[in-house]
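Quick notes on the structure that follows.
The values are calculated or read from the model by the stated rules, or taken from the named source; none is laboratory data. Keep in mind that what you see is a predicted model, and the values were worked out from it rather than measured. Cβ: placed from backbone, ideal geometry, glycine included. Neighbour counts: every protein chain shown.
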Amino acid sequence: MRKNHYETAIIINAALDDEQIESILTRIQDRITTNGGVIDETEKWGRKRLAYMIDKHRVGFYIIYRFEAPSTLISDLERFLRLDESILRFLTIKLEKFAIEYFSQRKVMSEQQTETAPVEEAAAPVEEAPKAAEAPAAAEEENTTN
């Protein structure tokens, strides 16, 4: 069976504890993986203010899953999400080839940045120290000339 790429955005009731939210997230991940899906990327946006009230809630916990799965999984996943009362809203879309390429390139770029980031961070404080030492000296020179 051919697998398609999907993206599901979910808003969970933010009034729940972190442990309860994590248990919901693991149940969603288990639902995807046990039915033949492979999760490519997970973006946790965390608690955000909603644009408008949903079921008398002003804040929601946002999470986005990008995954590869057979089309039969989507109806099962959406039924599961609809039955869970702590999930305020969800939206699943099928990604087009351009979106798939974009996210794969973005993933490669972020992996490259994380590999080079520790080296750049170590070099940055060394460069900043001489600039910080020069700045007070320049300020003193301006004060003495006036």
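The set of residues in region 1-36 being at pLDDT 90 or above and closer than 14 Å to Leu73 by Cα consists of His5, Tyr6, Glu7, Thr8, Ile28, Gln29, Asp30, Arg31, Ile32, Thr33, Thr34. Of the residues making up region 48-71, just one is under 17 Å from Arg2 (Cα atoms) and at pLDDT below 90, namely Ser71. Contact map, region 20-35: first residue more than 17 Å from Arg66 (Cα to Cα), second residue among the β-branched types (Val, Ile, Thr) and assigned to a helix (DSSP H, G or I), Cβ cut-off under 6 Å, separation 6 or more or different chains; the map is empty. Quick check: anything in region 51-59 within 14 Å of Ile21 (Cα to Cα) and outside any helix (DSSP H, G or I)? Checked region 51-59: at least one residue is within 14 Å of Ile21 (Cα to Cα) and outside any helix (DSSP H, G or I).
Could we say that Ala69 is over 18 Å from the mean Cα position of the chain (by Cα), part of a strand (DSSP E or B), hydrophobic (A, V, I, L, M, F, W, C) and under 16 Å from Ile28 (Cα atoms) here? So Ala69 passes the test. Within region 74-121, restricting attention to residues that are within 15 Å of Ile39 (Cα to Cα) and modelled with pLDDT under 90, the residue that is surrounded by the most Cβ atoms within 10 Å (Cβ to Cβ) is Leu95. Residues of region 1-24 being among the β-branched types (Val, Ile, Thr) and either closer than 19 Å to Tyr52 by Cα or loosely packed, with under 12 Cβ neighbours inside 10 Å (or both), which ones? Selection gives Ile10, Ile11, Ile12.
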